[in-house]
Every structure is written in C-alpha cells, then in structure tokens.
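Asker: One structure follows; several queries about it will come next.
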Amino acid sequence: MAYRAGPKNLITDVAGLLVGNAANEKVKSGTTVVFCEEPAVAGVQVLGGAPGTRETDLLEPHNLVEKVDAIVLSGGSAFGLDAASGVQAALREKGIGFEIAGMHVPIVPGAIVFDLANGGDKGWGRYPPYRELGFEAVEHIAADFALGTAGAGTGALTAGLKGGLGSASTLLPSGVTVGALAVANGVGSVTVGRSRHFWAAPFEIGDEFGGLGLPYPLPADAQDVRLKSREPRMGENTTIAVIATDAVMTKAAARRLAIAAHDGFARAIWPAHTPIDGDLVFALATGRSGRTLDLDEAIDLYAAAGATMARAIARGVHAATRFPGDVLPVWSGR
C-alpha cells in the first residue's frame with residue numbers, strides 16, 4: 001500500500017487538532033501544545049527508561065478520565081513540566097475543561113525533554129520560563145506551525161546533529177487520517193552512520209526530508225552505536241511525541257495506537273528506547289471521521305502510525321536551523 005501525506009503533512013491534518021509553539025531563543029528552549037477543539041480520547045505509552053511526565057496515570061485504560069483537552073511537549077527537563085500549568089491557565093480563561101463546583105478544569109497531560117546543555121542561557125532566576133511559554137503557546141494555536149528549531153524542538157539535540165520538532169500525516173484507504181508530532185532529542189542517531197541518509201528513508205513520501213533514500217551499499221559504520229555524548233547520563237535525552245487519528249477509538253485502542261507509534265522511533269533512531277532516554281508517545285483519537293475501524297483497517301492504521309512517526313522524527317531534524325551558540329551542526333549544513 002502506497003501511503004499519501006495529508007494536505008499539510010502535519011498532525012493538524014487530523015480534524016479537530018491545532019498546534020501552538022512558543023520559544024525563548026536566549027534559553028534555547030520552548031514548548032509545543034496540541035489543542036483538541038473538542039475533548040479527545042487519549043492514551044500513552046512510555047518505553048524509555050528516564051521519562052519526565054505529568055498526568056500520565058489518568059490515561060491508563062482502567063482509570064476514569066477518557067478524554068483530554070490538550071497535550072503539552074516541552075523542553076526544560078523537569079523544569080519544563082511547568083508548561084502544562086500555563087496551558088491549563090490559558091484554557092481555563094477560555095472556559096475550556098470539565099465543569100465542576102463552578103470551575104473549569106482543563107485536562108492537560110505533558111512530557112518533557114532534556115535540553116539544558118545545548119548552549120542556551122539557563123540563568124533565568126528564581127522561576128523558569130515554561131509556565132509563561134505554555135500560556136503563550138495556546139495563544140498561537142493554528143493549523144499551520146513551524147517545524148525544526150521551533151517550540152519544544154528549539155533546543156533539541158541528537159547524536160551529531162541538532163534535533164527539532166517534526167510532524168507528518170498519512171491518509172488511509174479507510175478514509176481516516178493519522179498524524180504525528182515529535183520532538184527529536186534522543187541519545188541515538190537519526191542518520192545512517194556518518195552519512196546524511198536518514199534511517200527513516202524507506203517511509204519517506206516525496207522528498208519531505210531530503211529524498212536521499214538509503215545509502216547503497218550501506219556504509220561500514222552503519223551499525224556503529226553513535227551517541228549524543230561519549231558519557232551519556234540519565235535524563236539527558238528523550239524523544240517525545242503525539243500520534244493522532246480522526247478514527248473513533250476506545251481508550252484501550254488509543255493506548256494500542258501509542259504502542260504502535262513507538263515502532264517509528266525504532267525505524268528513525270539508532271538506538272532508541274535506551275535506559276537513558278525517556279521515550280514516550282501520547283495518542284489522541286478525535287473521532288471526527290465517524291469511522292470505527294474493523295480489524296484489517298486497524299492493522300493498517302497501526303502500521304501507518306509507525307511509518308508516520310518515523311517521518312515526523314526525520315522531518316524535525318531535517319528542518320532544524322542554525323542559531324548563535326549552537327553546540328551541534330544542522331543537517332542542512334552537513
């Protein structure tokens with residue numbers, strides 16, 4: 001089956017979703033929010049050994065809350081968890097969230113990447129900037145948004161290259177759409193050996209991340225384990241992502257979608273899911289297509305989830321741009 005990208009080739013091709021970015025160039029960090037125009041069924045799967053999260057327990061299939069109002073991805077390591085508070089405050093001011101005791105309570109799970117050692121000025125004083133960045137990101141929500149050195153991908157790094165914020169979408173024969181959003185900041189490499197060829201090349205649509213394909217023959221160093229640092233430490237890495245669809249899904253099926261999307265990490269990053277990564281995927285199902293998939297269609301969706309995620313990761317690195325003080329080069333200048 002030949003996949004086709006959606007009209008924007010962004011996660012916002014999934015009906016019912018908007019994305020907002022905010023960043024602080026001095027700090028070299030930022031925040032991205034995925035906003036659900038109507039509360040969406042959600043799930044999560046963590047496969048990295050060093051995650052940083054907020055409100056992920058409520059997404060377990062056996063727990064009460066089924067739907068969320070937004071998902072937050074942020075830089076800042078543990079400081080970045082404040083971004084979700086800013087998003088929650090912005091949504092409450094707009095009257096968004098479930099109503100109880102005269103209050104609106106937005107449900108906003110989030111996850112963070114480590115970007116503290118990327119050359120940015122982290123001397124922000126008593127309080128980090130992430131709550132304000134979260135609030136600002138909500139003010140910028142739209143169907144179109146920047147990739148690469150933007151939002152939560154502003155300070156992202158991978159092995160040998162700047163990382164970034166990436167997104168992609170796929171239209172399926174069943175009539176549903178799947179979209180991915182990823183912050184590529186893993187300890188591993190997104191390119192084959194020291195070449196410019198992306199590991200995700202077999203899933204590329206057109207030339208969305210350079211059109212180079214896989215190298216032939218494979219270079220001698222293709223299987224070398226290249227890491228971001230010669231002395232990688234716990235918590236200094238992580239790829240975090242959102243996989244979304246407009247199919248109708250239960251909370252358990254959304255969890256399965258998040259699991260399937262992790263295949264895209266393994267297709268795009270070598271190595272992935274290490275003890276020092278916090279690799280995590282949130283899943284959203286907006287139900288806007290009105291389609292409940294049969295088993296064959298669901299398998300197609302889960303396969304496309306992995307492929308779309310791999311493309312999103314590669315696109316994030318491919319789109320990264322230079323900034324003063326960078327500690328690693330960008331793919332386009334390699």
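We did not get these values from a lab; they are worked out from the coordinates using the rules stated. All figures in this text were calculated on a predicted structure; none of them were measured in a lab. Here the Cβ positions follow ideal geometry from the backbone for every residue, glycine too, while neighbour counts run over all protein chains shown.
Asker: For the cross-link pairs Lys94/Lys251; Lys8/Lys67; Lys26/Lys251; Lys162/Lys251; Lys8/Lys122, which exceed 28 Å when the distance is taken from alpha carbon to alpha carbon?
Answerer: Among Lys94/Lys251; Lys8/Lys67; Lys26/Lys251; Lys162/Lys251; Lys8/Lys122, the Cα-Cα distance tops 28 Å for Lys26/Lys251; Lys162/Lys251; Lys8/Lys122.
Asker: Could you grab the relative contact order for the chain? Cα pairs under 8 Å, six or more apart, rounded to a whole percent.
Answerer: About 25 percent, as a whole number.
Asker: What are the principal axis extents of the Cα atoms in the stretch 233-334, in Å, biggest first?
Answerer: 49, 28, 19
Asker: Gly206: net charge of surrounding residues, Cβ under 12 Å, Lys/Arg +1, Asp/Glu -1, itself excluded?
Answerer: With Lys, Arg at +1 and Asp, Glu at -1, the net is 0.
Asker: Using Cβ contacts closer than 10 Å as the measure, can you line up Leu171, Leu147 from fewest to most?
Answerer: In increasing order of surrounding Cβ atoms, one gets Leu171, Leu147.
Asker: Could you list Tyr3, Tyr130 so that the one with the fewest beta carbons within 10 Å of its beta carbon is first and the one with the most is last?
Answerer: With the fewest neighbours first, Tyr3, Tyr130 line up as Tyr3, Tyr130.
Asker: How many times 2.2 N^0.38 Å is the alpha carbon radius of gyration of the stretch 32-98?
Answerer: Its radius of gyration relative to the 2.2 N^0.38 Å reference: 1.14.
Asker: Can you say what percent of the DSSP beta bridges in the stretch 153-309, counting only those with both residues inside, are antiparallel? Round to 5.
Answerer: Numbers: 17 of 23 bridges.
Restricted to the stretch 153-309, the bridges split so that about 75 percent are antiparallel.
Asker: Calculated from DSSP H runs of 4 or more alone, at -39500 (n - 2.57) each and per residue, what is the 222 nm mean residue ellipticity of the chain, nearest 500?
Answerer: My calculation for the chain gives -6000 deg cm²/dmol from helical runs alone.
Asker: Taking the alpha-carbon centroid of each part, what is the distance from the stretch 266-280 to the stretch 1-75 in angstrom?
Answerer: 18 Å
Asker: Shifting gears a bit: Near the amide H of Val187, under 5 Å away, which other amide H atoms are found, from residues 5 or more places off or on another chain, if H is placed in the peptide plane?
Answerer: Here Thr238 satisfy the definition.
Asker: Among DSSP beta bridges whose residues both lie in the chain, state the antiparallel percentage, nearest 5.
Answerer: 85 percent
Asker: How much net charge surrounds Ile269 when only other residues with a Cβ under 10 Å from its Cβ are counted (Lys, Arg +1; Asp, Glu -1)? Display every interim value, and only then the final one.
Answerer: Working: positive: Arg267; negative: Asp277, Asp279.
Charge balance near Ile269 sits at -1.
Asker: Also: When you take every Cα atom in the chain, what is the radius of gyration, and what is Dmax, the widest Cα pair distance, in Å?
Answerer: For the chain, the Cα radius of gyration and maximum Cα-Cα distance read 18.2, 65 Å.
Asker: Say we join alpha carbon atoms closer than 10 Å with springs in a Gaussian network model of the chain; which of Asp300, Asp221, Asp13 then has the biggest fluctuation?
Answerer: Greatest mean-square fluctuation among the candidates belongs to Asp221.
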